[in-house]
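> Here it is, the structure, as structure tokens.
The values are calculated or read from the model by the stated rules, or taken from the named source; none is laboratory data. In this text, all values refer to a predicted model and were calculated from it rather than measured experimentally. Heads up, the Cβs are rebuilt from the backbone with ideal geometry, glycines too, and the neighbour counts pull from every protein chain shown. Heads up: the accessible areas ignore ligands, DNA and RNA and are worked out on the full protein's heavy atoms, side chains in. Shrake-Rupley method; radii C 1.70, N 1.55, O 1.52, S 1.80 Å.
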Amino acid sequence: MHSQLIEKAKDALHTQSVENRDITSVSVSLDPEVIPLAKEEIRKFRARMKELLTQSQAPTKVYQLNIQFFELTTPHEGEPK
């Protein structure tokens, strides 16, 4: 399912106006010890957005909110993947 949604996001990048989509990213260098905190903040953000976006009594559109948080660093030889 996630792979399909990523493909749909790629399609939206080319077919939807910037008024109808928001596709952005940020790359950061971090201490791995903050990863659990980052994941918790992402969970809270997702919950807040769901609450905000589902308040309408008469929704007419369906949108998808995807959040990806993954390592870009290639592990050095001998390090766990």
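> Evaluate the following for Ser17: is it hydroxyl-bearing (Ser, Thr, Tyr) and in contact (Cβ under 8 Å) with a residue 40 or more places away in the chain?
no
> Name the residue, out of Lys10, Lys39, that is within 14 Å of Phe70 (Cα to Cα) and either out of contact with any helix residue (DSSP H, G or I) (no Cβ under 8 Å at 6 or more places or on another chain) or basic (Lys, Arg) (or both).
That would be Lys39, the only listed residue that is within 14 Å of Phe70 (Cα to Cα) and either out of contact with any helix residue (DSSP H, G or I) (no Cβ under 8 Å at 6 or more places or on another chain) or basic (Lys, Arg) (or both).
> In the range 65-78, is there at least one residue being open to solvent by less than 100 Å² (accessible area, probe 1.4 Å), part of a loop (DSSP other than H, G, I, E, B), on the phi > 0 side of the Ramachandran plot and without any contact (Cβ under 8 Å) to a residue 12 or more places away in the chain?
Within the range 65-78, one or more residues are open to solvent by less than 100 Å² (accessible area, probe 1.4 Å), part of a loop (DSSP other than H, G, I, E, B), on the phi > 0 side of the Ramachandran plot and without any contact (Cβ under 8 Å) to a residue 12 or more places away in the chain.
> Report whether or not Leu5 is out of contact with any Asp or Glu (no Cβ under 6 Å at 6 or more places or on another chain) and open to solvent by less than 100 Å² (accessible area, probe 1.4 Å).
yes
> Separate question: Filter the range 19-33 down to residues that are among the polar types (S, T, N, Q), more than 16 Å from the chain's Cα centre (by Cα) and within 20 Å of Leu65 (Cβ to Cβ), then give me how many there are.
1
> Restricting to the range 29-64, count the residues that are open to solvent by less than 100 Å² (accessible area, probe 1.4 Å), of a type outside the set (Asp, Glu), assigned to a loop (DSSP other than H, G, I, E, B) and more than 25 Å from Met1 (Cα to Cα).
Number of matching residues: 3.
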